[in-house]
Structure formats: structure tokens, C-alpha cells
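First comes the structure, then the notes that go with it.
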Amino acid sequence: MTDWSEVYRTTFEDLVRFLYRKVWDADRARDLAQETFVRVLDHEGDEVRNPRAWVFAVAANLARDEARTVIRRRKHLSLLKNETEAADPAPQPDDAAVRREEAEAARRALEQLSERDREVLLLWDGGLSYPEIAEQTGLAPGAIGTTLSRARKRLVAAYESREEDHVARG
């Protein structure tokens, strides 16, 4: 029988970090992590071979559903939005603005990756082991290290190309 309280204690923060990089909203990531455990506990009697990997699979599905909802909401709001908007005053540069800009650049770089590369990177960042990542993604366990290495290189290249574009336009 799985000790879900132990899984929760050892997985929750990694799960929140994983979900944050999926939805880019800290509060929503925590909410989705909680929802993940609610759904997992609904199936408490089911035998789970790798509870941690299963928790991340449920979370990935919730994040995917969340993304679809956000896209639908944005489309709906854009239809309702007035064509004329009052111009916002230029924000004053500060540390928070710089952090937001860097987070946005990282998000854009992640979005340039293939779904497989992004998933492998986020699962690894979430604290899953190579065998757990392999189980989650369907990749061969021996391919995880190579896939991660290539995904990291692609992420760095995407981030740096965004930075170069920003500097060239700035």
C-alpha cells in the first residue's frame, strides 16, 4: 500500500515547480498541485507501481487541460475586448520588472522546444529520476541522459537567440 502522505511530503514542492513551468503562475501551480493530489487520492485503492511518476502524469494532464482552458478564455476575451484601449503609462524599471522579463524570456525559450524536450526537462527539473522520466515519456531509460543534454543545449540556444534579438531591437 502506498504511503501517500510520504509521497506528498517528498513530491509537493517539486510538483509545484514542474507545474509552474507549465502554467507560469505560482498560485495556479500550487492549486494544480493540490488538485493533483485530490485526484490521486480518489484512486487510493488502485495499485500504483511508481507513485511519484503517477503523480507527475496526473499533474501533466491537469496542466494540459489548464492550457486549453486558458487558450479558450483568451480567445473569448479577445472577441469581447474593445478595439480602443487607453495607453498605460510606461512602467518604471525595477528588480521585479527585470525578473518578470527574464521569466518571460525563459518561458518563450521553453515554448520553442519540442513537446518531448520540454517534457523531459520539466520532469527532470521536477526531481524525477531517469527511470521515472523514461516511464512517463515512453523513451528508453538509456536515452534520457542524451535527450536531456540535447534539450538543455536547445533551451540555451533558444534563450540566447531571444536575448540577441532583444538586444538588436533594443
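Observations on the structure shown:
- Across segment 1-25, the number of residues qualifying as over 16 Å from LEU110 (Cβ atoms) and either without any contact (Cβ under 8 Å) to a residue 24 or more places away in the chain or hydroxyl-bearing (Ser, Thr, Tyr) (or both) comes to 11.
A quick yes/no check of all residues on (1) charged (D, E, K, R); (2) part of a helix (DSSP H, G or I); (3) surrounded by fewer than 16 Cβ atoms within 10 Å (Cβ to Cβ):
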residue: ARG108; (1), (2), (3): yes, yes, yes
residue: ARG118; (1), (2), (3): yes, yes, no
residue: LEU121; (1), (2), (3): no, yes, no
residue: TRP124; (1), (2), (3): no, yes, no
residue: LEU128; (1), (2), (3): no, no, no
residue: PRO131; (1), (2), (3): no, yes, yes
residue: ARG150; (1), (2), (3): yes, yes, yes
residue: ARG154; (1), (2), (3): yes, yes, no
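- ILE71, sole failed condition from (1) under 30 Å from SER161 (Cβ atoms); (2) at pLDDT 70 or above; (3) surrounded by fewer than 14 Cβ atoms within 10 Å (Cβ to Cβ); (4) of a type in the set (A, V, I, L, M): (2)
- Test for ALA87: is it modelled with pLDDT under 80 and of a type outside the set (Lys, Arg): yes
Here's the yes/no breakdown for (1) modelled with pLDDT of 80 or more; (2) assigned by TED's automatic domain parsing to the domain that holds LEU32; (3) closer than 20 Å to TRP24 by Cα; (4) out of contact with any Gly (no Cβ under 9 Å at 6 or more places or on another chain):
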{"site": "VAL120", "(1), (2), (3), (4)": "yes, no, yes, yes"}
{"site": "TRP124", "(1), (2), (3), (4)": "yes, no, yes, yes"}
{"site": "TYR130", "(1), (2), (3), (4)": "yes, no, no, no"}
{"site": "GLY138", "(1), (2), (3), (4)": "yes, no, no, yes"}
{"site": "ALA143", "(1), (2), (3), (4)": "yes, no, no, yes"}
{"site": "ALA157", "(1), (2), (3), (4)": "yes, no, no, yes"}
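- Where a residue in segment 29-46 is within 19 Å of LEU122 (Cβ to Cβ) and free of Cβ contacts under 8 Å to residues at least 40 places away in the same chain and its partner, wherever it lies, is in a helix (DSSP H, G or I) and charged (D, E, K, R), with Cβ under 7 Å and at least six apart: LEU32/GLU66
The values are calculated or read from the model by the stated rules, or taken from the named source; none is laboratory data. Note that the coordinates shown come from a computational prediction; the quantities given were computed from them, not determined experimentally. Backbone-built Cβ (ideal geometry, glycine too); neighbour counts: all protein chains shown.
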